[in-house]
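The values are calculated or read from the model by the stated rules, or taken from the named source; none is laboratory data. This is a predicted model, so every value here is computed, not measured. No Cβ is skipped: glycine too gets one built from the backbone with ideal geometry, and neighbour counts run over all protein chains shown.
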Amino acid sequence: MIRTFSIMNYRSCTNVVLDLVPNVVAIIGKNGAGKSNLLKGIDHAATIASSQNPIDLNWLSSNNDTFSSSMTIADSDGEYSYTISSILVTLSDSSKETLGLHERLVFKDHAGTEAILIHRQGELAEFPTAGIAIGINHRMPAMSAVLSMFPNKHEQLLKIRRVRDILLSVQYYPLEEPASGTLMIPASYFEQWANEYEIEGNPSKSVLLRLVYASQRSPGIFDEINSLLGDNGLDLLKSIDVVKVELPKPRQSQASGGSPDTETNYSVFFTPSDSLAGAGESFQFLDLSVGTRRIIRLITSLIFDKRSVMLIEQPEDSINLSVIHKVLSLLRSYSQSTKIIFSTHSPEILDMLDPTEIRIVHAVNGSTVVHSLSEADVEHARQFLRSDGLLSEYIESLE
Amino acid sequence: MIAILAEARSDFDTLRVLVRRIIADKSLTIAGKGYTSCDELCRKGGGLVTSFMQRGFSRFVICHDSDNNDSLAIVTKIRNAITRPSGSCSLSCIIVPVQEIEAWILADEMAVRTTIPTFQLCETLHPENVQSPKEYIERASRSGRTSPLYSHAIHNPKVAAHLDIAKVSRKCPSFRHLVQSVVAWRPSTPAPVVELHQRWGGIIYSPDDSAIVRAIDDLQYPDDDHPSCALVCAGAYRIEIHHKCYILIDLQNDDGTRVNARSPQYELADIKRIVIELRRGLRASDLWRTWEMS
């Protein structure tokens, strides 16, 4: 699990340090303070560090300055400290160019003994504990580079793989609605995507594609999603049904050979709970309410994607208070394996949290600044809760 | 109409299911609120009870976890903070789950399995001895990798719908108190004391003082077939009528201590008078004095 995170020169986050020790962390602050930039910054840094392909160095920093990010990650063996920064040079015409990456990964066991797992400067990458020093593409992050060169699970590289996989599994979830969506998924398209997914392990953003996959190839996950959304869970849906539909092929496909005139498509139907409007009828995804779609999207992402970190934008949007209370409890149940970091404007959600789980975001001179409640603040907040108030009221009083 | 006040929303959701099942009346209005903490419950509960009373609610279930604290002290705290200021002492049933309401969930592992078939929760003989039952269940769910994981806000009310009331009553005295109190609120609850006596194995529970006063009119003296019986009103006081011997009054003082008093003789009129006095808000210590005087 990621325990601390810092980032420099990414959008409004010119120098942000974030304590992520709790399994559930709420990012709060006014509109425009930089909450989304912070969530995207975590995703950005993790994506770069774990990328399995060369990255665009111009993409590192949005303000053409030296990009840098650090994080500590704890597991049962000890703690890892990872730092990545860009190597920036100023050219004769005063313009700046990023020439490569500097990376460092250090492991510290519970006894406090440190070992440098990666030391990378430009194209030279050393992996001291594995006894490896290699030249790598200046745009290729070191962890994936060495793992792709020595894929036979070199014992000393397992730790690097562990860190890479945790960072690879960090995902930003804006939970935004697509302007339009495909409701029919051709079986041929599904098979192609599913095979790629099983090799690369990167889930689609399409909630329907993930539900079709779960129903066809991972019934345990499909049942879990159904259970959480169904009568024994949030009581939103009576069932999710994935059906196969034979549809005529497009004309161009028909003319290309002697294949059948029809092709199989998958379609997903949602039947609302008996206590809700529309009970007894089945609906396609886009016919459901915005809030119901968001909950389905959130639960599917949580259960199907199995991320190490979920970065969620305002989970409360369009969702009834009594339901969001249950959703937050649900996220907390799964937070042992998936760290939940979310932005929120909801006082009711704040009231469900512990003071130590709050991170407050401000904009100072155009830059985003983040801070936790100090120990004294936490104690004052607890006193306030014991006597006369709510956490949201206490937080409001700080501003 | 019954109102439920609990320290957490999930507790309210769970109690609503349970009270509905116990009262066995689908048409009865059950409303209430789950707060965000026990402090908020104590701070705001009295005002809400008053509001409910103005809206015609006549029964209240108030639930506060014991969380390692003395249950009687919590009953006193609730009484001082909520029922006494709102004048609802005789209308309220104060429930103090030991340690948390999840102890009731833990008491019936089969109900959990019915809700989450992949969750093979082990039987717990004494769930109220488990230090943090909520954490215990959720940890068992995680270590057993159940699908889905147990989440109290979602699953407690679902499990409540399947709980074996008798089984949980046997294992959890705090739950038994809820059952006995709510059963006594059933419109169809038989008034004759002897019938109640037989149903509850020697002890009659009723938080409804007026029902007890009515029942006293029909009271049959304990006899050899029914050697003793007792009336329990609102959990704060208890009057036992023992076979041809004495009446035992067991009361809780404002400070949480209990007072016992025995009378060598009694008349039914004495019991009726005491109940009426208690209903008027007579304190335990005053009643004790009244009893001595009589």
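A few comments on the model shown:
- In segment B:5-34, the residues that are over 14 Å from B:E102 (Cβ atoms) and touching an Asp or Glu at 6+ places or on another chain (Cβ under 9 Å): B:G34
- Filter result (within 14 Å of chain B (Cβ to nearest Cβ) and either within 16 Å of A:L236 (Cα to Cα) or buried (at least 22 other Cβ atoms within 10 Å of the Cβ) (or both)) within segment A:303-314: A:I303
- Elements of type strands (runs of 3 or more DSSP E) contained in segment A:83-182, each with 1 or more residues being hydrophobic (A, V, I, L, M, F, W, C) and within 24 Å of A:T66 (Cβ to Cβ): A:96-109, A:114-121, A:124-127, A:170-173
- Criterion: within 30 Å of A:H362 (Cα to Cα) and touching a residue at least 60 places away in the same chain (Cβ under 8 Å) - qualifying residue of A:D65, A:D77, A:D43: A:D43
- Test: residue in segment B:17-31 that is within 14 Å of chain A (Cβ to nearest Cβ), under 20 Å from B:S90 (Cα atoms) and modelled with pLDDT of 90 or more: yes
- Qualifying residue in segment A:133-152 (condition: free of Cβ contacts under 8 Å to residues at least 12 places away in the same chain and touching a strand residue (DSSP E or B) at 6+ places or on another chain (Cβ under 6 Å)): yes
- Single unsatisfied condition, A:S239 versus (1) away from chain B (no Cβ under 12 Å); (2) assigned to a helix (DSSP H, G or I): (2)
- Qualifying residue in segment B:3-14 (condition: surrounded by 24 or more Cβ atoms within 10 Å (Cβ to Cβ), within 14 Å of another protein chain (Cβ to nearest Cβ) and in a strand (DSSP E or B)): yes
- Segments classed as helices (runs of 4 or more DSSP H), wholly inside segment A:321-399, with at least 3 members that are buried (at least 16 other Cβ atoms within 10 Å of the Cβ), modelled with pLDDT of 90 or more and within 9 Å of chain B (Cβ to nearest Cβ): A:321-333
- Picking from residues in segment B:146-169 that are under 20 Å from A:L229 (Cβ atoms) and either aliphatic (A, V, I, L, M) or at pLDDT below 90 (or both), the one that is surrounded by the most Cβ atoms within 10 Å (Cβ to Cβ) is B:V159.
Table: residues versus (1) among the acidic types (D, E); (2) farther than 27 Å from B:R145 by Cα; (3) outside the structural domain of A:S50 (by TED's automatic domain parsing); (4) touching a helix residue (DSSP H, G or I) at 6+ places or on another chain (Cβ under 9 Å).
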residue	(1), (2), (3), (4)
A:D223	yes, no, yes, yes
A:I240	no, no, yes, yes
A:E263	yes, yes, yes, yes
A:E281	yes, yes, yes, no
A:S289	no, yes, yes, no
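- Within segment A:222-236, the set of residues being assigned to a helix (DSSP H, G or I) and buried (at least 20 other Cβ atoms within 10 Å of the Cβ) comprises A:F222, A:E224, A:I225, A:N226, A:S227, A:L228, A:L229.
- Index of the failed condition, A:N202 passing every other in (1) within 26 Å of B:S147 (Cα to Cα); (2) modelled with pLDDT of 90 or more: (2)
- Exactly one residue out of B:N80, B:N68 is under 23 Å from B:Y150 (Cβ atoms), assigned by TED's automatic domain parsing to the domain that holds B:R43 and not basic (K, R), and it is B:N68.
- A:P219 assigned by TED's automatic domain parsing to the domain that holds A:F269, of a type outside the set (V, I, T) and loosely packed, with under 14 Cβ neighbours inside 10 Å: yes
- Residue match in segment A:164-172 (condition: among the polar types (S, T, N, Q), at pLDDT 90 or above and either within 18 Å of A:S50 (Cβ to Cβ) or surrounded by 15 or more Cβ atoms within 10 Å (Cβ to Cβ) (or both)): yes
- Looking only at segment A:113-169, residues that are small (G, A, S) and within 20 Å of A:S76 (Cβ to Cβ) come to 2 in all.
- In segment A:201-235, residue nearest to the other protein chains (Cβ to nearest Cβ) [restricted to those that are charged (D, E, K, R) and touching a residue at least 60 places away in the same chain (Cβ under 8 Å)]: A:E224
- Summed over segment B:32-58, residues that are more than 18 Å from B:L91 (Cα to Cα) and either of a type in the set (V, I, T) or away from every other protein chain (no Cβ under 14 Å) (or both) total 1.
- Candidates B:V96, B:V49, B:V75: the one that is surrounded by 20 or more Cβ atoms within 10 Å (Cβ to Cβ) and out of contact with any helix residue (DSSP H, G or I) (no Cβ under 8 Å at 6 or more places or on another chain) is B:V75.
- Look at (1) among the aliphatic types (A, V, I, L, M); (2) within 20 Å of B:V182 (Cα to Cα); (3) surrounded by 23 or more Cβ atoms within 10 Å (Cβ to Cβ) and you find that B:A24 fails only one, number (3).
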